[in-house]
1. Once amide H atoms are built 1.01 Å from N in the peptide plane, which residues 5 or more positions from ASN160, or in another chain, come under 5 Å H to H?
2. Using each residue's phi in the range 169-186, evaluate 6.51 cos²θ - 1.76 cosθ + 1.60 at θ = phi - 60° and report the 3J(HN,Hα) Karplus result to the nearest Hz, with x for Gly and Pro.
3. Residue by residue through the range 120-132, what is 3J(HN,Hα) from phi via Karplus (6.51 cos²θ - 1.76 cosθ + 1.60, θ = phi - 60°)? Round to whole Hz and write x for glycine and proline.
4. Would you pull out the residues with amide H under 5 Å of VAL126's amide H, same chain only if 5 or more places away, H placed 1.01 Å from N?
5. For the range 148-160, in order, what is each residue's ³J(HN,Hα) by Karplus, 6.51 cos²θ - 1.76 cosθ + 1.60 with θ = phi - 60°, in whole Hz (x at glycine and Pro)?
6. Order by neighbour count: TYR91, TYR50, fewest other Cβ atoms within 10 Å first, most last.
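Computed from the coordinates by the stated procedures, all read-outs in this text should not be read as laboratory data. Just so it is clear, the model here is predicted, and its values are computed rather than measured. With ideal geometry, Cβ positions are generated from the backbone for all residues, glycine too; neighbour counts draw on all protein chains shown.
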Amino acid sequence: MSTTIATPPMGAFAPPAQSRMTAVEFAERYAGDRVEYIDGKVVELPMPKYPHGKVVLRTGVIMAAHIDAQDLGHMTVNDTFVKAATADDPYRLRGADFYFISYARLPKGENPEGDPWVNPELIIEVKSPTDYWPGIREKVAEYLANEVLTVVVLDPAKLNATVFTASGEKKLSASDILELPDILPGFSVPVAKFFA
């Protein structure tokens, strides 16, 4: 079974500084693998353990219940590629645990094979024991610099969430309510529910 990768729009990425794979070539070659493309290198991601997988699944279920009921857009899970281009690395691709793209960015009915090359408004990442905050913050900054509006990092070890936007960050405890009014009107869920 062959996979077709959507070609990114013209001007989506600057020409490579060196001879290395483009984002499209990387996606064609490594689709389905647990890897990211950073500084021209394929970086393997560790296999997630039970708590991570459980929280990612809970996240997908919780988010899909609201997004589908309101018919708001597309969702993915499982380290789906997201553009995270930087000035030094225009082809950088990260893998997001969960993301949401509204129909305003990717019209309803459009479901391109491969990666849509349209960045989501919302990304939710689940912190693993192998993740450290400097690396998480770097990834979050890349997402926000590439048209992602909000990034939520769920921490199963501490049962909390950190919400990042262009205007700053906010820490939520398990008893706090996660709301995303600018992206998902009416969404309101206790943080603890993601870890149940």
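1. Amide H neighbours of ASN160: ASP155.
2. 3J(HN,Hα) across the range 169-186, in whole Hz: 9, 9, 8, 10, 7, 4, 7, 7, 9, 8, 10, 9, x, 6, 10, 10, x, x.
3. Here the 3J(HN,Hα) series is x, 7, 10, 10, 10, 10, 10, 6, 9, x, 8, 8, 10 Hz.
4. Hits under the 5 Å cutoff: ASP97, LEU154.
5. 7, 8, 9, 10, 10, 10, 8, 10, x, 5, 9, 6, 9
6. Values: TYR91 26, TYR50 8.
So the residues, fewest neighbours to most, are TYR50, TYR91.
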